[in-house]
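What follows is a set of notes on a single structure, which appears directly below.
The values are calculated or read from the model by the stated rules, or taken from the named source; none is laboratory data. Keep in mind it's a predicted model, so treat the numbers as computed, not measured. Note: ideal-geometry Cβ built from the backbone for every residue, glycine included; neighbour counts use all protein chains shown. Ligands, DNA and RNA are stripped out before the accessible areas are found, and what is left, the full protein with its side chains, is counted by its heavy atoms. Shrake-Rupley method; radii C 1.70, N 1.55, O 1.52, S 1.80 Å.
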Amino acid sequence: MEKIALASDQGGFEQKEALKPVIEALGYEVVDFGVPSTDSVDYPDVIYPAAKAVANGEFKRGIILCGTGIGASIVANKVRGIRAALVTSPEVATLTREHNDSNILAMAGRTTPFETNKDIVEAWLGTPFNEDDRHSRRINKIKDIETMEGR
């Protein structure tokens, strides 16, 4: 059973908790990197460990949330090997898997309704990478940029 790294700050806590059974019902094991409540935390403190675990190969994919998803996605994308996409629709979730082979899904816990985030998770987890040459070529160019930047 594939494991999914799941993390949020307080702005994404309620949706993170509500999404756990959705992810599990799709056949995944959820490993929760936090937070355990709506108490305020600095999002890098919980997002970075989840992103690092994906980058290290402990998890194939991860799902992260904060109030807007912006801060969480910025933190995750600082980790070499991470292709985090901030997604606000199921259509974009599908495209970011097909075209970008995103390995972390970032979502907004406060500005996107739960039902939309549920649909996004289902689309993202259910969509494989399209290994067409043009998509693979672009992913390799992203990896080349990471190397050039020393990341």
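Computed values, structure above
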| read-out | value |
| --- | --- |
| Count of the stretch 107-151 residues which are open to solvent by 30 Å² or more (accessible area, probe 1.4 Å) and not in a helix (DSSP H, G or I) | 12 |
| Matching residues in the stretch 105-118 - criterion: being under 14 Å from the mean Cα position of the chain (by Cα) and either without any contact (Cβ under 8 Å) to a residue 60 or more places away in the chain or more than 20 Å from Ala76 (Cβ to Cβ) (or both) | Leu105, Ala106, Lys118 |
| Residues within the stretch 17-49 that are within 23 Å of Thr116 (Cα to Cα) and in contact (Cβ under 8 Å) with a residue 40 or more places away in the chain, tallied | 7 |
| Test set (1) closer than 19 Å to Asp9 by Cβ; (2) assigned to a loop (DSSP other than H, G, I, E, B); (3) polar (S, T, N, Q); (4) open to solvent by less than 40 Å² (accessible area, probe 1.4 Å) - Ser102 fails condition number | (1) |
